[in-house]
1. Given a Förster radius of 45 Å and the C-beta distance between GLU267 and SER129 as r, what FRET efficiency does 1/(1 + (r/R0)^6) yield to the nearest 0.05?
2. How big is the C-alpha Rg of the stretch 181-328 next to the rule-of-thumb value 2.2 N^0.38 Å, as a ratio?
3. Go through LYS653/LYS687; LYS640/LYS677; LYS647/LYS672; LYS646/LYS677; LYS657/LYS688 and tell me which ones have a Cα-Cα distance over 18 Å in this structure.
4. Take each of the peptides 651-661, 58-68, average the number of other beta-carbon atoms within 10 Å over its residues, and list them starting from the highest.
5. From Cα coordinates alone, what are the radius of gyration and Dmax values for the stretch 502-591 in angstrom?
6. What would the Debye formula give as log10 I(q)/I(0) at q = 0.11, 0.17, 0.18, 0.19 Å⁻¹ for the alpha-carbon point model of the stretch 272-428, no solvent?
7. Ignoring ligands, DNA and RNA, what percent of the 1.4 Å accessible area of the stretch 179-298 is carbon and sulfur?
8. Just to confirm, what accessible area per residue do you get for the stretch 517-594 at 1.4 Å probe, in whole Å²?
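The values are calculated or read from the model by the stated rules, or taken from the named source; none is laboratory data. From a predicted model like this one, the values you see are computed outputs, not experimental measurements. Note: ideal-geometry Cβ built from the backbone for every residue, glycine included; neighbour counts use all protein chains shown. Each accessible area value is taken on the protein alone, full model and side chains, heavy atoms only, with ligands, DNA and RNA left out. Shrake-Rupley method; radii C 1.70, N 1.55, O 1.52, S 1.80 Å.
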Amino acid sequence: MRRHAQASIAESTQGSGTRRGHLGLVCLCVLGLAAFLGSSAPAASAQACPNEAFRQGPSGHLPDCRAYEMVTPVDMEGEEPGTEWGEAASGPEAAANGNGVAWSAFGTFGESATSNSAADAFLSRRGASDWSTEQVSPPFSPTLNIAITVAEAFTPNLDKTVSFDGGVEPPLTPDASAGTSNLYLRDNTNSTFQLITVGLGEGLGYTESRTKGMSADASHVVFLQSDNREMAGSNCAPPATTILCDWDAATGTVSLIGVSPGGEVLEGSAVAIAGPEWARVVSADGSRIFFKGGGEGCGVCVRINAATTQIVSETGTFQIASSDGSLAYVTDGGALERYDVNADVLTPLTEAADEVQGVLGASTDGSRVYFVAKGELAPGATGGENNLYLWTEGAGFEFIATGNTSGAFTNNYRTNNNPNSRVTPDGMHLAFTANNSLTGFPHAGIPEVYLFSAATGALVCASCNPSGEPEPGGSGGSIEVGGGSPGPDLEGRLRRNLSDNGGRLFFNTDEALVPRDANGLQDVYEYDAASGQVALISTGTAGPEQPPNSTGFADASPSGNDVLFQTRQQLVGVDEDEALSIYDARVDGGLASQNPPAPAAPCTGDACRSATSPIPSQPSTASAAFAGKGNLSSKQNCNKLAREAKKLSNRAKRLRKDAKQAKRNGKSAVAKKRNRKATRLAKHARKKSKSAKKCRKANRRASK
């Protein structure tokens, strides 16, 4: 029988607290009871954290010996991460090793700023002593009157970036054509570029090239080429206005993907990638690419080694594939089917009458798949309702839960959008959201975050309020939508709300699940599957912030040791403003460079006298020989502040001038963005100027 576990009452402490048992609210240990009664201080751990020095301030409440580290630069000259890209931005993205973060901002900053006035991409890396940041989107020169250069996709450790430019002069590589836009692969370890759009003709003007998928090491990049620009040096000449191409880094060639099993070129305008990148439409090694359209029975087809094509399904819809591209799942007329690429065999797993609604995810080897269907496929299911199932190779169907409203699981399997569901690589854990109670928690239409374990058969509500009742006006828990790679068109890999081992689940909620959470606003939480405890990742004390800039989960490393979130709260000593910043709540984290010691308190009364250095009755020879106003006072360097203010003011003026030109050219959206940026820079310039004036005034007082 399916076992359900309800959230218990506990605030996560370092190694202690109450557990969420499979039978619900059964046992409260002493520490858990103390937390429930209002104590927000973490309990003493059996062993001190190795980074205890960095956990004395805002980081003190964090679980797992975490401490805050500021990822984005301290001074971004009025810019903020992700604020202008809006819904099109899907970063920040954490590196798989936890030592890097890719993120976007509307404009650039610093001495080498090369803003494209659209979406600039940055890469922050963690070194031994601090985080450093560089711009990785290509520089922009408005030769084609198109203000766009975009970093579209990253490899897992962020060591390579696929970048599109709207016209850089001179081109970024010697073999790139002048007078047109190009697609490049950037090596972020040495800042070099490699041309992807091989053979694109010179002087063609602005040509769309959009990344749609890539192999794990970027040895293959799948991109969409439009505007009927023939790539003369490749095999990807367009049969129509839009073509889907595969670039092979080893050979430097581009080949057409839309080819029928008989070798006929399919109608290019109808050929498209079969699904979003997170659904593994491109195999890890790039040898297999799933696409759709163009006739010839290619409801879903697979291109193998740029040489042959096989029909997966003539009329079906692609759902997800295994990492190696050997297996794929499709839905067709209400049935769920599994295709074996090596055997070229399509096997129905359900019938059309079972009305499969969608797939939530699958293991990387394709042996397990989670889906929703209205049919009764296992004991416990309710016919005609949305039933959530796990199908396992060799074991068959397992019922998980029934959503008793029509849209109970909808957000978890929308094929054309990034879903709320997350599946671990082994397929043993599923995180998802549902807007009706699945474990007995009394709420009406409020979404909550659930976690299922295939090993134990337990389903727990991770975001349900430990009090047993939802807070009035609360909006429940949520899993972040949006992919990791910060590109506007590529639906990249899903944000890692769930660690690879299923042990840590991260989510947002505006409900206070622990006593410390007192701001009534959205905060980031961690659910620990082993202990059943919830703990704050953000502070729970941040002030009012307006979406999309409120405190919220951004991404995590596969282990869950690094959790990225955005906030305006100052969580390390060097963060002194209210600008939006990206933070890493890092296990065993904390940096001395970001947490300078507090200045000593000023002395008062007799404490100001030096017992060991009495004032001499006669001046020393050196002081007697000095002619002036007395001892030299330390003065601040005000010129730097003034120079920074002038530079920001000049940038604001240039942006306003560019905005006027853009408006005259009919690009009102670009003009609006540039004017907004100019306003921010001018405001920042005024603050710097005021600081410079105060600095000079202080110096004048000190010299009297």
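1. Numbers: r = 57 Å, r/R0 = 1.26.
The formula returns an efficiency of 0.20 here.
2. Working: Rg = 14.5 Å, N = 148, 2.2 N^0.38 = 14.7 Å.
This ratio for the stretch 181-328 stands at 0.99.
3. Details: LYS653/LYS687 16 Å; LYS640/LYS677 23 Å; LYS647/LYS672 22 Å; LYS646/LYS677 16 Å; LYS657/LYS688 22 Å.
LYS640/LYS677; LYS647/LYS672; LYS657/LYS688, as the Cα separations exceed 18 Å there.
4. Values: 651-661: 17.7, 58-68: 23.4.
By packing density, highest mean first, the sequence is 58-68, 651-661.
5. Cα-based Rg and Dmax for the stretch 502-591 come out at 12.8, 38 Å.
6. -0.39, -0.94, -1.05, -1.16
7. Working: 1910 of 4110 Å².
In the stretch 179-298, the share of accessible area belonging to carbon and sulfur is 46 percent.
8. Values: 2410 Å² over 78 residues.
I get 31 Å² per residue for the stretch 517-594.
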